[in-house]
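Chemist: Below is one structure. I have some questions about it.
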Amino acid sequence: MNIFISTIKGYRWHLVAVLILTFIFSGFGIGVLAFINNKLMKATEQKELLIWTFIGLLILFLITSVIAQISLTALGHKFVYLMRKQLVKQLLDTGTEQLNQIGKARLLASLSGDIRNITFAFVRLPELVQGSILVLCAGAYMFYLSESLFFVTALWLSVTVWVSNIAVRRVYHHLRIVRETEDKLYKNYQSAIEGHKELSLNRERAKFYFERELEESASTQRDNSVRADSYHAFANNWTNVMVLGAVGLVFYLSLAEGWSNLETATTIALTILFLRTPLISAVGALPMLLNAKVALDKLSKLNLAPYTEDFAISNPLPRDWKEIRFENVTYSYPTAEGTMSFALKPVNLTIKRGELIFLIGKNGSGKSTFSMLLAGLNHATDGKIFVDNIEITAANQRAFRAQISAVFSDFYLFTQLLGQAGFASLKEAGQWLETLQLENKVTVENHRLSTTNLSQGQRKRLGLLIALLEHRPLLILDEWAADQDPTFRRTFYQVLLPLLREKGHTVFAISHDDSYFHLADRLLLISQGELRELFGEERETASHDAVEKLNNIIKETKI
Ligand SMILES: Nc1ncnc2c1ncn2[C@@H]1O[C@H](COP(=O)(O)OP(=O)(O)OP(=O)(O)O)[C@@H](O)[C@H]1O
């Protein structure tokens, strides 16, 4: 609910103004009723004046009610706008580890489904607010007309609302299940879209997916939606019937039991009928509001970073640092109970400014895990990281990240070309496009790449272009060359990396290309989470391992 409270604070005066307006419009509504009671029901003379006064009152009632409703709805839309922006900013400020734990499907379900439900609630909220205020004003008027009839009607309507509340609580229960299932449905959608190629190849898998996985969540969603709607329909119709019952009760008590005269009974009956529409609308709006409550709860359970307005980076680090030092740094992935967690053993490493370092190791040995630590995206479980003699803590973590550009193996390709501050130089972008051999494929228009519909290897080159234009001191490349053809791979290792070193970049590259290991200033090996540097013979062996193996195979087949 935090996001709700913080957003509502931003609009508190607007909200107060709208509530006052709603009271005024409700006052006019009661004024119309009182006019009918006091004037029209006794009209004998000055008929023309009466009619025109009545029409004037109706017009005032219409104008104030329309303005009140439009203001409330506009307030709702402004609120949703603010909340949407706040939520995305919170998402941007939340740590990568937390986002990984939440998962893409849950995040998408919240960003689209939850925000949509909150929007719907705001469209219906005016009905509930206006309905409630009208009930209050009408209640006061009824009390003025006849205290005894007011108490009986209030009791009758309280029972009505109490019973419909029981139904509405069932509605809430089922809506919550519907929302829980939405996360699963988004996962299903994700499988259908991201796994489309695999599902197209394998009809059996597609059938299994369709009939088992999708069916399970889709049918849970359907059943619970039907139940929620059924309880809601009961609550709606129950209210409708009971309001009509109240009219009958008022006439019975007034005329049969002699509690009041026909005139008072008629006015009270009119007042109750006047309340009927807003009361039913309010009951009708409740599921939407309950949906919004479920959505707000869901949003707060994401545990996103608290909202802050700016993008400023506190405690900036000097850009001319000489080294990054890891002292006994360990890392373990958070895991669910009963599962084995991968742990990075204590790392002691100093990366000097301007070095070209390769990190090698088998699949699953911890290379990407370490690169995420080096990028400041994962937080060390233990140990310390220093930039020169400044320790990296939560206070300067963002400043640390500002020293780094990276092309991860699962990189996202942005099209906007940004430099150190503002847009990147077009001349520089053009030069890098040539070096990356993409000058005939991609152009830069309005500081944007003209296209990203390219091969994976070409897209990775663009990822590198974007990273290079940022002019950050440390560049992390996770298996960058893996998707390049042999010719460009050679260019990358023999031309591009030396060029980057010449330009003063510190490059930390994860690599499997052992025929180029000799080009690195330093070679690091990670094995089962243990990182160490290779020297002398060990380094030689690592560099020629695959080539040697290949030679041996060729020799063996010749024999
Ligand atoms: N998000 C995660 N949550 C929990 N454990 C993870 C997560 N990502 C990776 N791991 C664990 O960490 C280990 C190291 O993974 P990492 O991605 O660092 O390996 P890698 O050396 O980069 O492998 P590859 O060469 O295949 O890219 C894996 O064996 C896996 O068990």
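Chemist: Suppose a student asked you for the relative contact order of the stretch 203-319, using Cα pairs under 8 Å spaced at least 6 residues apart; what percent would you report? Write out the running numbers ahead of the final one.
Modeler: Numbers: 36 pairs, mean separation 25.8, N = 117.
Contact order relative to length: 22 percent.
Chemist: State, as an integer percentage, the relative contact order of the stretch 364-453 based on alpha-carbon contacts under 8 Å between residues 6 or more apart.
Modeler: On the way: 51 pairs, mean separation 18.1, N = 90.
Averaging sequence separation for qualifying contacts and normalising by length gives 20 percent for the stretch 364-453.
Chemist: In addition: Give me the compactness ratio for the chain, meaning the Cα radius of gyration over 2.2 N^0.38 Å. Could the numbers behind the result be given before it?
Modeler: Details: Rg = 34.5 Å, N = 559, 2.2 N^0.38 = 24.3 Å.
Relative to the rule-of-thumb radius for its length, the chain sits at 1.42.
Chemist: Keeping every protein chain in place, order T435, T381, T64 by accessible area at 1.4 Å, biggest value first, i.e. largest first. If you can, show how the numbers build up before the last one.
Modeler: Working: T435 45, T381 85, T64 20 Å².
The ranking, largest first, comes out as T381, T435, T64.
Chemist: Given points 7 Å out from each Cα along the Cα-Cβ axis, report the S450 to A74 separation in nanometres with one decimal.
Modeler: 4.5
Chemist: Same structure again: Which longest uninterrupted range of the chain lacks any chymotrypsin sites (Phe, Trp or Tyr not before Pro) assigned by DSSP to a loop state (not H, G, I, E or B) and surrounded by at most 13 other Cβ atoms within 10 Å? Before the final figure, lay out each step's value.
Modeler: Details: sites that count: F311, Y412, F414, F535.
Formally, the longest exposed-site-free interval is 1-310.
Chemist: I would also like to ask the following. Once the whole set of protein chains is in place, how much accessible area is left on T443, using a 1.4 Å probe, in Å² to the nearest 10?
Modeler: We get 70 Å² for T443.
Chemist: Over the chain, what is the relative contact order in whole percent, taking alpha-carbon pairs under 8 Å and six or more residues apart? Mind dumping the intermediate values first?
Modeler: On the way: 711 pairs, mean separation 80.4, N = 559.
Computed value for the chain: 14 percent relative contact order.
Chemist: Restricting to bridges with both residues inside the chain, how much of the DSSP beta-bridge set is antiparallel, in percent to the nearest 5? Display every interim value, and only then the final one.
Modeler: Details: 23 of 40 bridges.
Bridges in the chain that DSSP calls antiparallel: roughly 60 percent.
Chemist: Looking at this model, which pairs from K104/K301; K9/K78; K187/K293; K104/K367 are more than 18 angstrom apart at the alpha-carbon?
Modeler: Numbers: K104/K301 15 Å; K9/K78 13 Å; K187/K293 23 Å; K104/K367 23 Å.
Result: K187/K293; K104/K367 exceed 18 Å.
Chemist: Separate question: Take the Cα pairs of the stretch 436-549, get the Kirkwood Rh, then feed it into Stokes-Einstein at 25 °C and 0.890 mPa s and tell me D in µm²/s. The partial results should precede the final answer.
Modeler: Working: Rh = 15.7 Å.
The estimated diffusion coefficient comes to 156 µm²/s.
Chemist: Taking amide H positions as placed 1.01 Å from N in the peptide plane, with prolines and chain starts having none, which residues 5 or more places from G383, or on another chain, fall under 5 Å of its amide H?
Modeler: T330
Chemist: Which value, in Å² rounded to 10, gives the accessible area of R319 with a 1.4 Å probe and all protein chains present?
Modeler: Approximately 90 Å² for this residue.
Chemist: Using DSSP to define loop residues, name the GluC sites (Glu not before Pro) in the stretch 311-379 whose beta-carbon has at most 11 other beta-carbon atoms within 10 Å. Show your work: numbers first, answer last.
Modeler: Details: sites: E323, E327, E337, E355; in loops: E337, E355.
Here the GluC sites (Glu not before Pro) that fit, given the DSSP loop and packing criteria, are E337.
Chemist: So which lysines pass the test for K322, namely a Cα distance under 22 Å, with those fewer than 8 places away in the same chain ruled out?
Modeler: K352, K384, K503
Chemist: Continuing with this model, one more query. Which residue, chosen from S341, T181, L413, occupies the Cα position most advanced towards the positive end of the dipole of the chain, where the dipole is computed from +1 (Lys, Arg) and -1 (Asp, Glu) charges on Cβ about the Cα centre?
Modeler: Looking along the dipole axis, the top candidate is T181.
Chemist: A follow-up question, please. What lysines sit close enough to K39 to cross-link, taking a C-alpha to C-alpha distance under 18 Å and skipping anything fewer than 8 places away on the same chain?
Modeler: K39 reaches K47.
Chemist: Would you mind computing, in nm to one decimal, how far apart the modelled labels at T277 and N315 are, each placed 7 Å from Cα along Cα→Cβ?
Modeler: 6.1
Chemist: Sticking with this structure for a sec: Tell me, what is the per residue accessible area of the chain in Å², probe radius 1.4 Å? Walk me through the numbers on the way to the answer.
Modeler: Values: 29950 Å² over 559 residues.
I get 54 Å² per residue for the chain.
Chemist: Sticking with this structure for a sec: For the stretch 342-490, what is the convex hull (Cα atoms) projected area averaged across all directions, in square nanometres?
Modeler: Details: hull surface 40.9 nm².
Dividing the Cα hull surface by four gives the mean projection, 10.2 nm².
Chemist: Also: Go through the stretch 204-219 residue by residue and turn each phi into a ³J(HN,Hα) via Karplus (6.51, -1.76, 1.60, θ = phi - 60°); whole Hz please, and just put x for glycine and proline.
Modeler: 4, 5, 4, 5, 4, 4, 5, 7, 9, 5, 5, 4, 4, 6, 5, 6
Chemist: Can you bin the stretch 287-409 into rounded, prolate or oblate? Criterion: square roots of the alpha carbon gyration tensor eigenvalues sorted a ≥ b ≥ c, rounded for a/c under 1.5, prolate for a/b above b/c, oblate for the rest. Don't skip to the end; give the middle numbers.
Modeler: On the way: a/c = 2.54, a/b = 1.50, b/c = 1.69.
Cα axes put the stretch 287-409 in the oblate bin.
Chemist: Can I ask one more? Using 0.36 nm per residue of separation minus the Cα-Cα distance, give me the extension gain between H14 and K352 in nm, one decimal. It would help to have the intermediate numbers written out before the result.
Modeler: Working: separation 338, 0.36 × 338 = 121.68 nm, distance 5.64 nm.
Roughly 116.0 nm would be gained on extension.
Chemist: At a 1.4 Å probe radius, which order do M242, M142 fall into by accessible area, largest first? Let's see the in-between values first.
Modeler: Values: M242 30, M142 10 Å².
Per-residue accessible area, sorted high to low, gives M242, M142.
Chemist: Moving on. Taking 0.36 nm per intervening residue step and subtracting the Cα-Cα distance, what contour gain separates L60 from E147 on full extension?
Modeler: Working: separation 87, 0.36 × 87 = 31.32 nm, distance 2.88 nm.
Taking 0.36 nm per residue and subtracting the Cα distance, the gain is 28.4 nm.
Chemist: Could I ask something else about it? What's the extension gain from A34 to D410 if we count 0.36 nm per residue and subtract their Cα-Cα distance?
Modeler: Numbers: separation 376, 0.36 × 376 = 135.36 nm, distance 6.98 nm.
So the chain would gain 128.4 nm between A34 and D410.
Chemist: Mind checking the angle between helix 12-38 and the chain's longest principal axis? C-alpha axes, 0 to 90 degrees, to the nearest 10.
Modeler: Approximately 20 degrees, to the nearest ten.
Chemist: While we're on this one: In debye to the nearest 20, how big a dipole does the chain give about its Cα centre with +1 on each Lys and Arg Cβ and -1 on each Asp and Glu Cβ? If you can, show how the numbers build up before the last one.
Modeler: Working: 58 positive and 54 negative charges, 158 e Å.
That gives a dipole near 760 debye.
Chemist: Take the solvent-accessible surface of the protein heavy atoms, probe 1.4 Å, and return the percent of it on the chain that carbon and sulfur atoms account for.
Modeler: Looking at the chain in its full context, I get 59 percent from C and S.
The values are calculated or read from the model by the stated rules, or taken from the named source; none is laboratory data. This one's a predicted model, so the numbers in the text were calculated from it and none came from an experiment. Glycine also receives a Cβ, built like all others from the backbone with ideal geometry; neighbour counts cover every protein chain displayed. Surface accessibility is based on the protein's heavy atoms, side chains included, excluding ligands, DNA and RNA. Shrake-Rupley method; radii C 1.70, N 1.55, O 1.52, S 1.80 Å.
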